[in-house]
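Data first, discussion second: the structure below is written as structure tokens.
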Amino acid sequence: MKTAFKSFTSYIQRCVSLLQNFSAKGMVTGGTVLHCHFLKKGVFSERFIAIRLLIMYLESRKLSEANQMVKEFNGFDLVVQNCLINANIKWGNLSEARKLFDEMPERNEITWTLLISGLMKCGRVEESMLYFERNPFKGVVSWTAGITGLVKNGSSFHGLKLFARLIESGVKPNQVTYSSIISACIEMSDFELGMSVLGLIIKTGFENNVSVCNSLITLCLRMHEFDLARKVFDRMETRDVVSWTAILDMYVEMGNLGEARRIFDEMPKRNEVSWSVIIARYNQYGDNIEALKLFRRMVREGIKPTISCFASILCALASLESLQAGKNIHAHITKIGIERDVFIGSSLVDLYCKCGETRDGRFVFDSIKNKNVVLWNSMIGGYSMNGQMDEAKYLFDNMPNRNNVSWGTLIGGYVEFKQFDTVFEVFNEMILSGETPTKPTFSSVLCACASVASLEKGKDIHGKILKLGFQYDVYLGTALTDMYAKCGDIESSKQVFDRMSERNEFSWTVMIQGLAESGFAKESLALFEEMKRNSSVAPNELMLLSVLFACSHCGLVDKGLEYFGAMESVYGIRPKGRHYTCVVDMLSRSGRLYEAEELINSMPFRPEANALAALLSGCKTYKDEEIAERTARKLVELAEKNSAGFVLLSNIYASAGRWTDVSNIRKLMREKGLKKSVGCSWVEVRNHLHSFYSEDGIHSKSAEINDILELLRSEMTDP
DNA sequence: ATAGGGTTAG
């Protein structure tokens, strides 16, 4: 042949790789053009080319073309049948694949392995193992397929037992087998075992194999042995994309996203996985904008996003609540036919629900055939974040398998929508069912304990956490600190806070606030100063409110004013109504009524009713009728707009004994249909909550309680 | 044909 190719075989090879390329990029048209070309050239009957064409048609689901091709092969061609089984498994038609398998007159190891791994992928472990045992061609690949299947279905121990049988049978493991075994060690978090596997790897001379080293890096990474991971990486003779991607991920795990990005930018080669990883990590770090930017660059560079990459980007869009962009991606995903994937589905459900569209989320949820726990959890979470707790509970009660995340999601919903009684009820049920709560679940329940100020329940939860041997992470530590502070046990709160190895903005806020509100004003201020000195956390709105509150309660008026002045100029935080109220209160308490009034007048927005009330109460203490009169007028004005103003005004009149004014205001409120929000306080006795309301809701034992109070009062006054 | 990445809660 007079072509540019040295020989006919290399020409065929070139054709095959061209087809493979078209197939991988989903460019069927290009493939079809080649098909016609081959027919004309007469090389179509070349077996390699024909098979490649068949695979291409199968992968792009061009079924009529594929069937046409099958007819061209006479009888039951083993390789063709294998291709058909492979395609059916990929499409999820397991029964069709099995039918083909059963009808085959002869099979090879590939045939068997396809069925074994196909069954494993669908979670049908026992059936798969049955075929494994019946398989007459037990080579490395069959063994490895069995092992990985078990590991991926959460039976790593059985996977390792199969590995032991492999060694006994005399078959030599290959690099893929070792990778699977290392995955098993990772899944079982067994670093020791991983190290003994390493011994075996060295003994069999696989320690320089790229794939094996890649798996070893991942093992070290998961076990947080970063130095060792780096060592493995450094001593590799050749590194591939996977090695670079793994080491990039290590820096992310170490909290150094910047270094990871540097590696990503300087890697000799990037594949779709490297892109996936860096995008996913930016997303997990909350930098969704950068994730999107990278996604756009990736698409521009012609890299086809993987399913996981779409999942990450949908997750990023969900966090940004960009419904429209999310819908565009959804349309694209539908066009390329992967909208029924569970990973994609979970992200889509999350996207719609985060944007408040639970009905669209439910539509996606219903459209997915092979639902897994995560998908169910996403839908439950979707309802929970939108306060549709009944729907969430209904799904929860009717899901086929629950895990601890399902429980946690439901509980989190009840916490967010303040149904605290239900929180404890469901949490108890969870414990009784034998499920182990995760750290986020503990955080949620601690938040509920803090909200109802139940020290007893909070301590009980703390005990459970200790019993499980959970290390505090930032969230859990913060939740505990907050719980103890809000329940009045500031000592324990401080203890937990001091022991935390990592603290974020929330941790500092909670502790500063806890100290301030428990009356430890000086300690609160000292902690705020310590934070500014020793941490990278910047002061926030809530911290400054606590700081002002602390100054107010210590009588450190000038210091308070100093902080208040520094808010915008130094910390870049614009004071809100509550900050002004706090400062007005501080000034009024110390008798600096004129300054307080000035401050109210200088506010760029309407003051809170409480600010005026604080000033009025100061006027009462320091007997300044002039300012009182002006402030009262402002309060009346404000009262027209909200019920809080009316209530305050009526209380002020009441304390001044101006009862006619009081009844006038109450009448006005009734006319306007304004209702005073009911005050409530509660106390916990032997793990039972007793609530007391300021208005009609009366405690069932209020008569007895009042009798006892009367008795105590008399004992205190006449000893 | 068998490995390495990705989805849910704070």
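Once the principal axes of the Cα atoms of segment A:229-285 are found, what is the range along each, listed largest first in whole angstroms?
Largest first, segment A:229-285 extends 33, 23, 14 Å along its Cα principal axes.
Can you compute the helix-only [θ] at 222 nm over chain A? Use -39500 (n - 2.57) per DSSP H run of at least 4 residues, normalise by all residues, nearest 500 deg cm²/dmol. It would help to have the intermediate numbers written out before the result.
Numbers: 41 runs with 521 residues, N = 719.
Only helices count here, giving -23000 deg cm²/dmol.
How far apart, in nanometres, would the label points at A:F417 and A:R578 be if each is projected 7 angstrom from Cα along the Cα-to-Cβ direction?
Here the answer is 2.4 nm between the modelled labels.
For segment A:301-363, state which GluC sites (Glu not before Pro) are in a DSSP loop and have at most 16 other beta carbons lying within 10 Å of their beta carbon.
Numbers: sites: A:E301, A:E321, A:E339, A:E357; in loops: A:E301, A:E321, A:E339, A:E357.
Loop-located and lightly packed - A:E301, A:E321.
May I ask you to give the solvent-accessible area per residue for segment A:504-656, in square angstrom, as obtained with a 1.4 angstrom probe? It would help to have the intermediate numbers written out before the result.
On the way: 7360 Å² over 153 residues.
Accessible surface, normalised per residue, equals 48 Å².
For A:K522 and A:A566, what is the calculated FRET efficiency with R₀ set at 25 Å and r taken between the beta-carbons, to the nearest 0.05?
Numbers: r = 19 Å, r/R0 = 0.75.
So, using R0 = 25 Å, E works out to roughly 0.85.
Return a whole-number percent for the relative contact order of chain A, with Cα pairs under 8 Å and 6 or more residues apart as the contact set. Walk me through the intermediate numbers first.
Details: 863 pairs, mean separation 23.7, N = 719.
Normalised by residue count, the contact order of chain A is 3 percent.
What trypsin sites (Lys or Arg not before Pro) in segment A:191-284 are in a loop by DSSP, with at most 16 other Cβ atoms within 10 Å of the Cβ?
A:R235, A:K269
Quick one: net charge around A:M254, please, counting Lys, Arg +1 and Asp, Glu -1 for every other residue with C-beta under 11 Å from its C-beta.
-3
Apply 1/(1 + (r/R0)^6) to the Cβ-Cβ distance of A:N401 and A:E637, taking R0 = 51 Å, and write down the FRET efficiency to the nearest 0.05. Write down the numbers at each step before the final one.
Values: r = 60 Å, r/R0 = 1.18.
Calculated transfer efficiency: 0.25.
Using a 1.4 Å probe on the protein chains only, how many percent of the accessible area of segment A:520-561 belongs to carbon and sulfur?
Details: 1050 of 1920 Å².
Answer for segment A:520-561: carbon and sulfur cover 55 percent of the accessible area.
For a bin width of 10 Å, list the pair-distance distribution of chain A built from all Cα-Cα distances, rounded to whole %.
2, 10, 15, 22, 18, 11, 8, 7, 4, 2, 0, 0, 0
Cα centroids of segment A:121-189 and segment A:559-579: how far apart, whole angstrom?
Using only Cα atoms to place each centre, the spacing works out to 64 Å.
Need one number: the % of Cα-Cα pairs in segment A:428-493 sitting beyond the 21 Å mark.
Values: 323 of 2145 pairs.
Cα-Cα pairs in segment A:428-493 separated by more than 21 Å: 15 percent.
At 1.306 mPa s and 10 °C, plugging the Kirkwood radius over alpha-carbon pairs of segment A:459-548 into Stokes-Einstein gives what diffusion coefficient in µm²/s?
Values: Rh = 13.1 Å.
Estimated diffusion coefficient is 121 µm²/s.
For chain A, build the charge dipole from Cβ charges (+1 Lys, Arg; -1 Asp, Glu) around the Cα centre, then report which of A:S10, A:S183, A:M586 sits farthest towards its positive end.
Sorting the options by dipole projection puts first A:S10.
Charges only on Cβ, +1 for Lys and Arg, -1 for Asp and Glu: so what's the dipole of segment A:120-186 about the Cα centre, in debye to the nearest 20?
Values: 8 positive and 4 negative charges, 19 e Å.
In total the dipole reaches around 100 debye.
Once the piece of chain linking A:M254 and A:V241 is laid out straight, how much longer is it, given 0.36 nm per residue of separation minus the C-alpha distance between them?
Values: separation 13, 0.36 × 13 = 4.68 nm, distance 2.02 nm.
Full-extension gain reported as 2.7 nm.
What net charge do the residues around A:V405 carry, taking every other residue with its C-beta under 12 Å from that of A:V405, with Lys and Arg at +1 and Asp and Glu at -1? Intermediate results must be reported in sequence, preceding the final value.
Values: positive: A:R402, A:K439; negative: A:E435.
That sum, taken over residues with Cβ under 12 Å, equals +1.
Would you kindly give the portion of the calculated P(r) for segment A:535-581 that falls above 16 Å, as a percent of all Cα pairs? Can you show the working numbers first?
Details: 330 of 1081 pairs.
Value for segment A:535-581: 31 percent of Cα pairs lie more than 16 Å apart.
For A:A538 and A:W91, compute 0.36 nm times the residue count separating them, minus their Cα-Cα distance, and round to one decimal in nm. Walk me through the numbers before you get to the answer.
Details: separation 447, 0.36 × 447 = 160.92 nm, distance 5.21 nm.
Stretched fully, the A:A538-A:W91 segment lengthens by 155.7 nm.
Which of A:I465, A:T478, A:L515 sits closest to the plus end of the dipole of segment A:454-525, meaning its Cα is farthest towards the positive end, when Lys and Arg get +1 and Asp and Glu get -1 on the C-beta?
Ranked along the dipole, the leading option is A:I465.
Once neighbouring chains are kept in place and the probe is 1.4 Å, which whole percent of the accessible area of segment A:200-290 is contributed by carbon and sulfur?
48
Determine the sum of side-chain charges near A:F470: Lys and Arg each +1, Asp and Glu each -1, restricted to other residues whose C-beta is under 14 angstrom from that of A:F470. Intermediate values should be presented prior to the final figure.
Details: positive: A:K439, A:K464, A:K467, A:R499; negative: A:D473.
Summing Lys and Arg as +1 and Asp and Glu as -1 gives +3.
Each label point is 7 Å from the Cα along the Cα-to-Cβ direction; what then is the distance between the points at A:T204 and A:T436, in nm?
Modelled inter-label distance: 3.1 nm.
Would you calculate the separation in nanometres between label points at A:K40 and A:D390, each defined as 7 Å from the Cα along the Cα-to-beta-carbon direction?
Label-label distance for A:K40 and A:D390, simple model: 6.8 nm.
Along the charge dipole of chain A, Cβ charges K/R +1 and D/E -1, which of A:N174, A:S378, A:P105 sits furthest on the positive end?
Ranked along the dipole, the leading option is A:P105.
Under unit Cβ charges (Lys, Arg +1; Asp, Glu -1), what dipole magnitude, rounded to 20 debye, does segment A:492-633 have relative to its Cα centre?
Values: 17 positive and 20 negative charges, 43 e Å.
With only Lys, Arg, Asp and Glu charged at Cβ, the dipole is about 200 debye.
What's the magnitude of the charge dipole for chain A around its Cα centre, counting Lys and Arg as +1 and Asp and Glu as -1 at the beta-carbon? Answer in Debye, nearest 20.
In debye, rounded to 20, chain A gives about 3080.
Relative to the present Cα-Cα distance, how much length would full extension add between A:N601 and A:E491 at 0.36 nm per residue of separation?
On the way: separation 110, 0.36 × 110 = 39.60 nm, distance 4.09 nm.
Extending this stretch completely gives an extra 35.5 nm.
The values are calculated or read from the model by the stated rules, or taken from the named source; none is laboratory data. All figures in this text were calculated on a predicted structure; none of them were measured in a lab. Reconstructed Cβ throughout: ideal geometry from the backbone, glycine too, with neighbour counts over all protein chains shown. When the accessible area is computed, the model is the full protein with side chains, heavy atoms only, and any ligands, DNA or RNA have been set aside. Shrake-Rupley method; radii C 1.70, N 1.55, O 1.52, S 1.80 Å.
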